[in-house]
Amino acid sequence: MAERENRRDRRDDRSREETPEFADRLVAINRVSKTVKGGKRFGFAALVVVGDQRGRVGFGKGKAKEVPEAIRKATEQAKRQMIRVALRDGRTLHHDQEGRHGAGKVVMRAAVPGTGIIAGGPMRAVFEMLGIQDVVAKSMGSQNPYNMIRATMDGLKRESSPRQVAQRRGKKVAEILKKPEAEVAEA
């Protein structure tokens, strides 16, 4: 009997691990109208960012006749399109990065502890859902929230940790992080 209960407990633990709790942030909602014979039909488009605040983030857009349904569709799509981003000390980026999408361009820079999230609008939502605490970011070009989020995600996809770089080059992490001998001599 006790064995069966243990098995059930393990199964419950596994199901909890598979569906971690995600936080979501509504970035934009857009009302669109279609003129028909009887008047106007309204539809809604929602842009949502979802993340676990521990290095995973995704965005989605949903369209429906009602706002809650559009948000639900966007959230489901965001959960399906999540990416993992390597964070330094779980609080900032490993290196400065640039992202582009269409006319949108974003520049993201790693920051020292205590800086906070210095970023505008949609980019701030992405960083908060990702779990970044210190970052400086600037968006240039397009102000469209869809393009800004896509440009931010493009930059985050290019982010790589020293471990990933070392693995790609077939070296050790210490060799990658080693300072040049000229700097060591000065110090």
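Numbers below:
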read-out	value
Which of Leu156, Leu26 is most accessible, then next, and so on - probe 1.4 Å	Leu26, Leu156
DSSP bridge pairs, the range 38-144: antiparallel proportion in percent, nearest 5	90
Per residue accessible area in Å² of the chain, where ligands, DNA and RNA are left out and the probe is 1.4 Å	65
The chain: relative contact order in percent, alpha carbon pairs under 8 Å with at least 6 residues between	17
Subset of Lys105/Lys157; Lys37/Lys61; Lys105/Lys138; Lys61/Lys138; Lys37/Lys63 violating a 19 Å alpha-carbon distance limit	Lys37/Lys61; Lys61/Lys138; Lys37/Lys63
Accessible carbon and sulfur surface of the chain relative to its total accessible area, %, 1.4 Å	47
Helix-only CD estimate at 222 nm, as mean residue ellipticity for the chain, using -39500 (n - 2.57) per DSSP H run (n ≥ 4)	-12000 deg cm²/dmol
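The values are calculated or read from the model by the stated rules, or taken from the named source; none is laboratory data. This structure is a prediction, so every number in the text was calculated from the model and none was measured. Keep in mind that these areas ignore ligands, DNA and RNA; they rest on the heavy atoms of the full protein, side chains included. Shrake-Rupley method; radii C 1.70, N 1.55, O 1.52, S 1.80 Å.
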